[in-house]
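Just below is one structure, and these are the notes that go with it.
The values are calculated or read from the model by the stated rules, or taken from the named source; none is laboratory data. None of the values given here were measured: they were computed from a predicted structure. Reconstructed Cβ throughout: ideal geometry from the backbone, glycine too, with neighbour counts over all protein chains shown.
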Amino acid sequence: MFRIIEKEMLTPAVCRMKVEAPRLARAARPGQFLIVRTDEKGERIPLTISDYDAAAGTVTIVTQAIGASSNDIISLETGESFEDVVGPLGRSSDFVGMTPERLASERFIFIAGGVGTAPVYPQVRWLREHGAAVDVIIGAKTAELLIYKDEMKAVCDNLFICTDDGSEGFHGMVTALLEKLVGEGRDYTRAVAIGPMIMMKFTTMTAKRLGLPVTVSLNTLMVDGTGMCGACRVTVGGKVRFACVEGPEFDGWEVDFDEALRRQRQYAEEEKEAMENHVCKIGRGK
Amino acid sequence: MANRIPRVQAREQDPLSRAHNFEEVCYGYDAAEATLEASRCLNCKNPRCVAACPVGIDIPGFISEVAAGRFGDAAAVIAKDSSLPAVCGRVCPQETQCEGSCALGIKGESVAIGKLERFVADWSRENGVRTYAASTPENARKVAVIGSGPAGLACAGDLAKMGYRVTIFEALHKPGGVLEYGIPEFRLPKDSVLKSAIEDIRALGVRIETDVVVGRTVTIDSLMEEEGFDAVFVGTGAGLPKFMGIPGENLNGVFSANEFLTRNNLMKAYRKDYLTPIHTGKRVAVVGGGNVAMDAARTALRLGADTTIVYRRTEAELPARAEEVHHARQEGIHFELLTNPVEIIGSPDGKVTAIRCIRMELGTPDESGRRSPVPVAGSEFEMETDTVIMALGTAPNPLISKTTDGLETSRKGALVADENGATTREGIFAGGDAVSGAATVILAMGAGRKAAKSIDEYLKK
């Protein structure tokens, strides 16, 4: 049912897949996510939607191999299928509800880190199609881990690259580059940061210092993704919220990142054990 | 006299061994035991058990068939009123319904109606006896059923029997709703009992589409306007977990019972060959006293944890089925009654280490008639624990009400529907926990069946 029609390795550990999911592709909006399950014994894995094509009935996901379950995703080949793909889940980005006049007056800066770069792409494309000005920062540890450079260049106004080791673009973290751009007089009205939780935390701290509102997309733990389990609960503005139905995007200034970082590691011991014991059976006739 | 025979006890797995496995606790009756137990029924002229059954099963009718050894005929009697007897025989609170009203129970022990219902259903399944033939759609009207729990399955089954073309949309990857994600394997075996109950519904021609979240993947409006459904039944249950709002509830190691049970049941975390993780640690405290609390506690016990139920009222007020409480005690679950958590305490790195509780005493009755517990001043104490599971009840999920214009909800978020299941919008019906708030499988099933009847009347207009 959920057949993989294209697969491409973007870096040795990051893989992009185009998957058939017609109902999902028709309903998807920027900012939403989906859940996949590779096979009967697999986990339900939440992934941000990296692209969607209603006419073709496909969605694009980008996955990084970091554990037993993400390794299982990456081991699937073109022509094979996911057992399940469900979504779109969560609320769409707030800007989807903005008036055209409002959008035309906004100057967005997106800060994308690692695989978080992929879901930034449809947001930037949507905003440009709706008349907003959009700059993008893509950050990675080193040049060969940068993804979506060409795609992003094609849809944004200005693309800025930074690497921790200086192998490409600005030498330094996304936070330093953001500070530099604002220091040069670029008067952004709104920032959006998507990437690892720790990167979103520090980007939010920088943005707050610069007085820049920032939206973050929280990649919390989840099971069902429909508000049923509460594994995804985060504290935002002192209130407990469910990232799966009330998020995944929140006002970064209000998010308790230290709690979110800690809660992400809730099953760290169990996952380490699973990684050590897991023998991937996908692609071997199941 | 028939009632001189003592109630036939159903055989059960030994408590000490079952505390370490997920196999079913109760083995149920064999044919001889069922026939003997059935012979105890007085066949009352005015059967109070039937009046006490939410779906009005002809209880003396099916029991007399069992007593005569005609098990297939007994199944046919039950099938007139219930579509999930193998499930209800296992999970209904019989002691407050049919068995609680049994004439024999006044002086002695009531007839084991639940165990007999289960026997008839299991016997039919094992002997390949189908209680109704698959029907072919005789009209082209399409009905969408949202949710494949007890309400949805019952509604879909009845509509299919009337000849409607029915599609069930299920948000999760497996059908069954709470029967799949909530009730554990040791109470309701999934691969035998539940799977076959769902196969029976499919055999009637009902299509089940999983991985569709109505309110996200599609909306009720798109189903009606673009996909041509003439009516919709909403049986989405009460899936939203409640928390207490006390300090420390977001520490690592605090889970909703929904999360804990979903990981274990739907995702099969108790099996080494499944990837989804589950966390217990050495000690688990489960807060709450309902069936879900018992299920979570007995699951934690089976995963190897020393487990305690923390409940703010007394044993008499425990809302769980009597059998579940009895089984939990037999298996070695501890009970801290008249006790309420006030804070969850964690280590510097944010992991649960203890739960601070206060002793309670029963005060004056509240609006539900139950005596409300009040804290005893100065009685606070700490209980060491690695995990806290909150089993405080659930509320209806707002996904559908928020994405469908014209659907009124109550203050608590439940869909407003009349006694026939009609909501405030034409063509949309609802029933089960989505309307009543968290209740029982049998009440949801009854509501689903009632709504099927109203949908039929509505579409015939």
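Within the range A:20-37, restricting attention to residues that are more than 9 Å from chain B (Cβ to nearest Cβ) and part of a helix (DSSP H, G or I), the residue that is surrounded by the most Cβ atoms within 10 Å (Cβ to Cβ) is A:A25. Considering the range A:247-259, the residues that are at pLDDT 95 or above and assigned to a loop (DSSP other than H, G, I, E, B) include one that is farthest from the other protein chains (Cβ to nearest Cβ), namely A:P248. Look at A:K201 and say whether it is closer than 22 Å to B:G350 by Cα, in contact (Cβ under 8 Å) with a residue 12 or more places away in the chain and away from chain B (no Cβ under 11 Å). Yes; evaluated as a whole, the condition is true for this residue. Contact map, the range B:368-383: first residue within 23 Å of B:I345 (Cβ to Cβ), second residue of a type in the set (D, E), Cβ cut-off under 8 Å, separation 6 or more or different chains; pairs are B:P373/B:E361; B:V376/B:E361; B:M383/B:E336. When B:M224 is tested against (1) within 12 Å of chain A (Cβ to nearest Cβ); (2) out of contact with any Leu (no Cβ under 9 Å at 6 or more places or on another chain); (3) not acidic (D, E), only condition (1) is not met. In the range B:257-290, of all residues being charged (D, E, K, R) and in a loop (DSSP other than H, G, I, E, B), the one that is farthest from B:F186 (Cα to Cα) corresponds to B:K282. Contact map, the range A:218-246: first residue more than 10 Å from chain B (Cβ to nearest Cβ), second residue basic (K, R), Cβ cut-off under 8 Å, separation 6 or more or different chains; pairs are A:T220/A:R233; A:T220/A:R263; A:R241/A:R233; A:A243/A:R233; A:E246/A:R91.
Residues of the range B:415-435 being in contact (Cβ under 8 Å) with a residue 60 or more places away in the chain and surrounded by 18 or more Cβ atoms within 10 Å (Cβ to Cβ), which ones? Residues satisfying the conditions are B:L415, B:G421, B:T423, B:I428, B:F429, B:A430, B:G431, B:G432, B:D433, B:A434. Restricting to the range B:52-90, count the residues that are more than 15 Å from B:D200 (Cβ to Cβ) and either hydroxyl-bearing (S, T, Y) or touching a Phe, Trp or Tyr at 6+ places or on another chain (Cβ under 6 Å) (or both). Of the residues in that region, 4 qualify. When residues in the range A:228-253 are screened for being within 19 Å of A:R44 (Cα to Cα) and small (G, A, S), 4 of them pass. Does B:R263 satisfy being within 21 Å of B:R18 (Cα to Cα), basic (K, R) and touching a helix residue (DSSP H, G or I) at 6+ places or on another chain (Cβ under 9 Å)? Criteria not met by B:R263. Taken over the range A:134-144, residues that are assigned to a helix (DSSP H, G or I) and either over 12 Å from A:C162 (Cβ atoms) or free of Cβ contacts under 8 Å to residues at least 12 places away in the same chain (or both) amount to 1.
The criterion of at least 1 residues that are away from chain B (no Cβ under 14 Å) and among the polar types (S, T, N, Q) is met by the following strands (runs of 3 or more DSSP E) wholly inside the range A:54-121: A:58-64. Considered as a group, the residues in the range B:238-249 that are at the interface with chain A (Cβ under 9 Å from one of its Cβ atoms) and in contact with a Gly (Cβ under 9 Å, 6 or more places away or on another chain) include one that is surrounded by the fewest Cβ atoms within 10 Å (Cβ to Cβ), and that residue is B:F243.
Considering the range A:123-133, the residues that are surrounded by fewer than 24 Cβ atoms within 10 Å (Cβ to Cβ) and outside any strand (DSSP E or B) include one that is farthest from the chain's Cα centre (by Cα), namely A:G131. Among the residues of the range B:17-28, is any within 26 Å of B:R125 (Cα to Cα), in a helix (DSSP H, G or I) and not aliphatic (A, V, I, L, M)? The answer is yes; a qualifying residue exists. Considering A:V192, A:V214, A:V223, A:V174, the condition of being within 22 Å of A:L34 (Cα to Cα), of a type in the set (A, V, I, L, M, F, W, C) and in contact with a strand residue (DSSP E or B) (Cβ under 8 Å, 6 or more places away or on another chain) is satisfied by A:V192 alone. Scanning the range B:317-342 for residues that are buried (at least 20 other Cβ atoms within 10 Å of the Cβ), in contact (Cβ under 8 Å) with a residue 60 or more places away in the chain and in a strand (DSSP E or B) gives a single hit, B:P341. Across the range B:277-295, the qualifying residues are those that are in contact with a Gly (Cβ under 8 Å, 6 or more places away or on another chain), within 23 Å of A:T226 (Cα to Cα) and within 14 Å of chain A (Cβ to nearest Cβ), and the one among them that is surrounded by the fewest Cβ atoms within 10 Å (Cβ to Cβ) is B:H279.
Just wondering, is there one or more residues in the range B:250-266 that are within 8 Å of chain A (Cβ to nearest Cβ) and at pLDDT below 95? Among the residues of the range B:250-266, not one is within 8 Å of chain A (Cβ to nearest Cβ) and at pLDDT below 95, which makes the answer no.
Quick one: which residue in B:G393, B:G427, B:G413 is within 14 Å of chain A (Cβ to nearest Cβ), on the phi > 0 side of the Ramachandran plot and in contact with a strand residue (DSSP E or B) (Cβ under 8 Å, 6 or more places away or on another chain)?
After ruling out the rest, the residue left standing is B:G413.
The residues listed here are B:R298, B:R283; of these, the one that is in contact with a strand residue (DSSP E or B) (Cβ under 9 Å, 6 or more places away or on another chain) and over 26 Å from B:R370 (Cβ atoms) is B:R283.
Put simply, of A:I74, A:I66 the only residue that is closer than 29 Å to B:R263 by Cα, surrounded by fewer than 22 Cβ atoms within 10 Å (Cβ to Cβ) and out of contact with any strand residue (DSSP E or B) (no Cβ under 8 Å at 6 or more places or on another chain) is A:I66.
Quick one: is B:T219 within 14 Å of chain A (Cβ to nearest Cβ), over 30 Å from B:R298 (Cβ atoms) and among the polar types (S, T, N, Q)? Criteria met by B:T219.
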